[in-house]
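Okay, so here's the structure we're looking at.
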Amino acid sequence: MAEEKIEIVIRPDGAVELRVEGVAGTRCLDDTGPLVQALGGDVEHHELTEEAYQQAEADEQARQWQG
């Protein structure tokens, strides 16, 4: 399993980017929630990575097998 990490980038204009790696599914949103709140709570843009969709695909396959 990949190492889970959150990279925080503060751009010259003061905007903050949070990049999450090694987390399958949308758990990344839960993991970054406290950071977002600590930074003021305003989110201008979300962009999900390929990893975010991996868990959704696994969940769908499990549902298909369960009938």
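Annotations
- Within the range 20-36, the residues that satisfy the criterion of being surrounded by 10 or more Cβ atoms within 10 Å (Cβ to Cβ), out of contact with any Cys (no Cβ under 7 Å at 6 or more places or on another chain) and outside any loop (DSSP other than H, G, I, E, B) are 21, 27, 28, 29, 30, 31, 32, 33, 35, 36.
- The range 1-25 residues that are farther than 14 Å from residue 47 by Cβ, paired with ones that are surrounded by fewer than 10 Cβ atoms within 10 Å (Cβ to Cβ) (beta carbon under 6 Å, 6 or more apart): 22/2; 22/3
- Contacts under 6 angstrom Cβ, first residue in the range 42-54 being more than 12 Å from residue 18 (Cβ to Cβ), partner surrounded by fewer than 11 Cβ atoms within 10 Å (Cβ to Cβ), 6 or more apart: none
- So residue 17, is it part of a strand (DSSP E or B), out of contact with any His (no Cβ under 6 Å at 6 or more places or on another chain) and either modelled with pLDDT under 90 or surrounded by 10 or more Cβ atoms within 10 Å (Cβ to Cβ) (or both): yes
- Selection count, the range 13-34, where residues are of a type in the set (Gly, Ala, Ser) and more than 9 Å from residue 52 (Cα to Cα): 4
The values are calculated or read from the model by the stated rules, or taken from the named source; none is laboratory data. Quick caveat, the model's predicted, so the values are computed rather than measured. Quick reminder, even Gly has a Cβ in these numbers, built from the backbone with ideal geometry, and neighbours come from all protein chains shown.
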